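A quick write-up on the structure given underneath.
The values are calculated or read from the model by the stated rules, or taken from the named source; none is laboratory data. Keep in mind that what you see is a predicted model, and the values were worked out from it rather than measured. Cβ: placed from backbone, ideal geometry, glycine included. Neighbour counts: every protein chain shown. For the accessible areas, the whole protein counts, side chains as well, though only heavy atoms, and no ligand, DNA or RNA atoms are used. Shrake-Rupley method; radii C 1.70, N 1.55, O 1.52, S 1.80 Å.
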Amino acid sequence: MAQIKTIGILTSGGDAPGMNAAIRAVTRAGICNGFKIKGIYRGYDGLINNEVTDFTTENVSGIIMSGGTILKTARSMEFMTDEGKRKAYDTLVKHQIDALVVIGGNGSLTGAMEFAKDYDVCCIGLPGTIDNDLYGTDSTIGYDTTLNTIVECVDRIRDTAQSHERIFFVEVMGRDAGFLAQNSAIASGAEAAIIPEDRTDVDQLAQFMERGIRKSKRSCIVIVSESPKCGALYYADRVRNEFPQYDVRVSILGHLQRGGRPTAHDRILASRTGIGSIEAIMQGQRNVMVGVRNNEVVYVPLSEAIRSDKPFDRKLIKVLDELSI
Ligand code: F6P
């Protein structure tokens, strides 16, 4: 493969706080090391539609502290088609972009992997998602900020839950992963978490009612991972029917979880992995995600990073169970 001179950056999928810090790091580290940097707007859609701009260090000034992504983002359907990928490749050729840094979650890095299979392009992924569901990195850019936002919201909900002696079901994001729900429950002192990793035949609601609210507590907070069928509304309805003596409310935090200023942790993770992406390119790495594991920057093949079974530490379930008595 020819020497890499120009690097394109894009953000894709759900935005995550810290994506801007990552864009800044890739741009500045790239320029420091003699590469030309091009910003690609609106994710893979922008690559297909030729939305490409030269980036200088000024393009990324004053953005480290802001949530969202200055490059905009999209979930591109067209990029999943052969025709979409071909158009995207034509744009790369037109702008002489020989490596692509993709900041995004599972779907976005899957897109990068498929693209790299079909075309001779060096694709480097950065783990940008609030869901923390990418394998091979201890956490993902945006996860820590969202966790803190949820905890702040739950602290507030606790005030009203206690005052009215109510049961609150608080629904949080995470798609198919329970990291946000379980850890926000631990950090906010919630009484229980209902997460996809712990779905068993045992009726979780009955179990929770047994051990929690019946004992002594007159108010309680249950964090529920989003789910099309078994979200917070489902559990609230069941409590209303099966335990009518309780006053129940639901709070779905929704997209407010995804916005806001990134925490220091996410800014540092974004900065380290952003620089790591440029080092990866200089070392001749291809088709890897840059993560941080045990405080070391690591390169994880994209095919491994997108594995759906990122291990969930089941000891966290015990932590919450024991501390919520
Ligand atoms: O992947 C990030 C995420 O926020 C998930 O937690 C959530 O399921 C999804 O994106 C929501 O996507 P959208 O903003 O497209 O509704």
In nm, spacing of pseudo-spin labels at Glu58 and Glu242 (7 Å Cα→C-beta vector)
6.3 nm
Given the options Ser308, Ser76, Ser271, which has the most mean-square fluctuation in a GNM of the chain, springs set between C-alpha atoms less than 10 angstrom apart?
Ser308
If you look at just the Cα atoms of segment 143-259, how large are its Rg and its Dmax in Å?
13.1, 37
Can you give me the distance in nm between label points at Asn294 and Ala264, each placed 7 Å from the Cα along the Cα-to-Cβ direction?
2.5 nm
What is the helix-to-structure angle for 232-242, meaning the angle in degrees between its Cα long axis and the longest Cα principal axis of the chain, kept from 0 to 90 and rounded to the nearest 10?
10 degrees
Using the heavy atoms of the protein chains alone and a 1.4 angstrom probe, what is the accessible area of the chain per residue in square angstrom?
44 Å²
In the structure shown, do any of Lys5/Lys36; Lys217/Lys315; Lys38/Lys72 have a Cα-Cα gap over 18 Å, and if so which?
Lys217/Lys315
What full-extension length gain, to one decimal in nm, is calculated for Arg199 and Asn33 as 0.36 nm per residue of separation minus the Cα-Cα distance?
54.9 nm
